[in-house]
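Data block below; observations after.
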Amino acid sequence: MTDELITLLQEEYGLRVRRQGSLSPEKGYPTEFFTFWNNETDGVAEYDNRSHATVWVYDVNFYSTDPERVHAVILSAIELLRNHGWIIDGKGADVPSDEITHTGRGFTAFFREREVNS
Amino acid sequence: MAKNNTIRLDTSGLEDLMRKLVRVEHAAAKETIEGVLEEAAQRIQTDTHLAMAKNYLPAQGQYWTGKTAASIIDDPHVEWEGMVGSVPVGFDFSKPGAGGYLIKGRKPSATGTPYMAPDPMLNKMFRGTAYMKGIQDEMYDKVLRHIEEAWDEK
């Protein structure tokens, strides 16, 4: 699911999608970019002594030097992911930025992956 | 002379039941519940301090300011609202710098920053479901054991 999330965002926005915490302070922030973090994967639909589906939980964040774009891109990213079966509640929230030049907003996205042949 | 007809009601079983109920009432008393809650809160406090150890922090703690650790709730007290007892755990968000970039607020939202990954221990404790559910389950088990022991006392 990580690959799918990265691919969806990269193909739609043409921007790098990086794991949260992987940017180097020496290199600084790009002008705008996405980050993600996989918080957990819960096994659900439990019967016959095992799970038959998985709920993937990701934080998705967008940072930019343009604060207006931060709001617009997050709303558009939420719509994009919902159209591909992701579950997102709300319209995102502000997230801290290391660099004073950038603002960030993020949201939590869920995807229920059903096991094949379940 | 013939004996009068009588109707009888044997309350000896009721008396025994009342004694058990009184014991159960004591077992489920506020003091017991507060003890269970405070024990759980202390465990969470210990785990939170452990999670703040520099070797667990993102970037080996190089962004450590001490503010987040200083906001850990160290002396929790149980508060009652009617029949519901609660105890604060984790961080005192009224203190400046509490949680900071490591964990944000009560509603799920992004944590960490592009330079600093979320602390996996804190994430597991305060944003995942399994850790707190485990603590809750243990608390319920302890209270049920108190009640069962009181019920079974001779």
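The values are calculated or read from the model by the stated rules, or taken from the named source; none is laboratory data. What you are looking at is a predicted structure, and each value in this text was computed from that prediction instead of being measured. Cβ coordinates were reconstructed from backbone atoms using ideal geometry, including for glycine residues, and neighbour counts include every protein chain displayed.
Annotation: of all residues in region A:94-110 being more than 9 Å from every other protein chain (Cβ to nearest Cβ) and among the β-branched types (V, I, T), the one that is surrounded by the most Cβ atoms within 10 Å (Cβ to Cβ) is A:T103.
Going through (1) buried (at least 16 other Cβ atoms within 10 Å of the Cβ); (2) within 13 Å of the chain's Cα centre (by Cα); (3) outside any strand (DSSP E or B) one by one, A:R82 falls short only on (1). Applying the criterion of being at pLDDT 70 or above and of a type in the set (K, R) to the residues of region B:25-72, the residue that is farthest from A:P25 (Cα to Cα) is B:K30.
Can you find, within region A:51-65, the residue that is farthest from the other protein chains (Cβ to nearest Cβ) among those that are buried (at least 19 other Cβ atoms within 10 Å of the Cβ) and either of a type in the set (S, T, Y) or within 18 Å of B:T113 (Cα to Cα) (or both)?
A:S64
Within region A:3-39, the residues that satisfy the criterion of being in contact with a strand residue (DSSP E or B) (Cβ under 6 Å, 6 or more places away or on another chain), surrounded by fewer than 16 Cβ atoms within 10 Å (Cβ to Cβ) and at pLDDT below 95 are A:R16, A:N38.
Within region A:96-109, residues that are of a type in the set (S, T, Y) have Cβ atoms under 7 Å from residues that are part of a loop (DSSP other than H, G, I, E, B) in these pairs: A:T101/A:T65; A:T103/A:S97; A:T108/B:P108; A:T108/B:S109, counting only partners at least 6 apart in sequence or on another chain. Out of everything in region B:115-137 that is modelled with pLDDT of 80 or more and in a loop (DSSP other than H, G, I, E, B), what residue ends up being farthest from A:F36 (Cα to Cα)? Checking each candidate, the answer is B:Y115.
A:E68 passes every criterion in (1) touching a helix residue (DSSP H, G or I) at 6+ places or on another chain (Cβ under 8 Å); (2) surrounded by fewer than 14 Cβ atoms within 10 Å (Cβ to Cβ); (3) without any contact (Cβ under 8 Å) to a residue 60 or more places away in the chain apart from (1). When region A:17-42 is filtered for residues that are away from chain B (no Cβ under 11 Å) and outside any loop (DSSP other than H, G, I, E, B), the ones remaining, listed by number, are A:V17, A:E32.
B:I7 falls short on exactly one of the conditions (1) of a type in the set (V, I, T); (2) surrounded by fewer than 11 Cβ atoms within 10 Å (Cβ to Cβ); (3) in contact (Cβ under 8 Å) with a residue 60 or more places away in the chain, and that condition is (3).
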